[in-house]
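The next block holds one structure in the form of structure tokens; read it before the comments.
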Amino acid sequence: MVAGVALPENSIALLVEIGVKDSKLLSPTKRRKLYEEIVSLPNVEIECVEVSAEEIDRYRLNGGKITDLEARIMASVLDKLKPEVAYVDAASANVDAFAEKLRSYTKTRAKIVASHKAELLYPVVAAASIVAKERRERRIAELKRIYGDFGSGYVTDPRTIAFLEKFALSGKPYPPIVRRTWKTASKVLQRTLKDFSKL
């Protein structure tokens, strides 16, 4: 999920007043509360783009890199919001190269300020991180009603690994919410098949 939040410059102080900070530093309850406050702010504009597992797989299988796809999606968000200045979290080790790539993909003439950990430096980026996290959590809740509990979707989550193992053992292909190009999914499949062949 990629999100952008646009506000008039004189409204940025409101984000600080309501306690906006990097979504990773917030409890789920606080994040939900701040999300509601952010989307209710006067003159706020919000743009969210959900990227499906299938879309990522297509891009990767055609030789594309994740950071390049992220830059393209961020550019589409900027094109919708049309800010004068865009503060973005660089999705690459080389901040300047990422900013240049973003400029090449966007149609806007926004001044792009890219940095690592931008959500700690700029309240508007922190607001976007809250919106993205909350929208992601809501989408995950919807998908769990369809596919069952797959955990957080992160490699460190035992529930996510168990979900992958269940499909690997059943012989059924992974559902469309699982990226085929995700190394973890491939490793689980290979490990499970290897263990199964020993029986």
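The values are calculated or read from the model by the stated rules, or taken from the named source; none is laboratory data. Bear in mind that the values here come from a model prediction, so they are computed numbers and not experimental data. Cβ sites come from the backbone with ideal geometry, for glycine too, and all protein chains shown count toward neighbours.
Values for this structure:
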| read-out | value |
| --- | --- |
| Residues (modelled with pLDDT under 95 and out of contact with any helix residue (DSSP H, G or I) (no Cβ under 6 Å at 6 or more places or on another chain)) located in the range 85-94 | A93, N94 |
| Set S23, S27, S11: member being among the hydroxyl-bearing types (S, T, Y) and in contact (Cβ under 8 Å) with a residue 40 or more places away in the chain | S23 |
| Residue count for the range 57-101, restricted to those that are outside any loop (DSSP other than H, G, I, E, B) and within 22 Å of E119 (Cβ to Cβ) | 28 |
| Filtered residue count, the range 47-56, keeping only those that are closer than 13 Å to V2 by Cβ and assigned to a helix (DSSP H, G or I) | 2 |
| Flag if A13 is within 18 Å of the chain's Cα centre (by Cα) and either assigned to a helix (DSSP H, G or I) or not assigned by TED's automatic domain parsing to the domain that holds K183 (or both) | no |
| Among residues of the range 22-49, those that are closer than 30 Å to R179 by Cα, at pLDDT below 95 and not polar (S, T, N, Q), counted | 5 |
| The range 140-171, subset part of a loop (DSSP other than H, G, I, E, B) and under 17 Å from E54 (Cβ atoms), residue modelled with the highest pLDDT | F150 |
| Test: residue in the range 130-137 that is over 19 Å from the mean Cα position of the chain (by Cα) and of a type in the set (K, R) | no |
| Selected residue (only one of A128, A185, A168 is of a type outside the set (S, T, Y) and assigned by TED's automatic domain parsing to the domain that holds E54) | A128 |
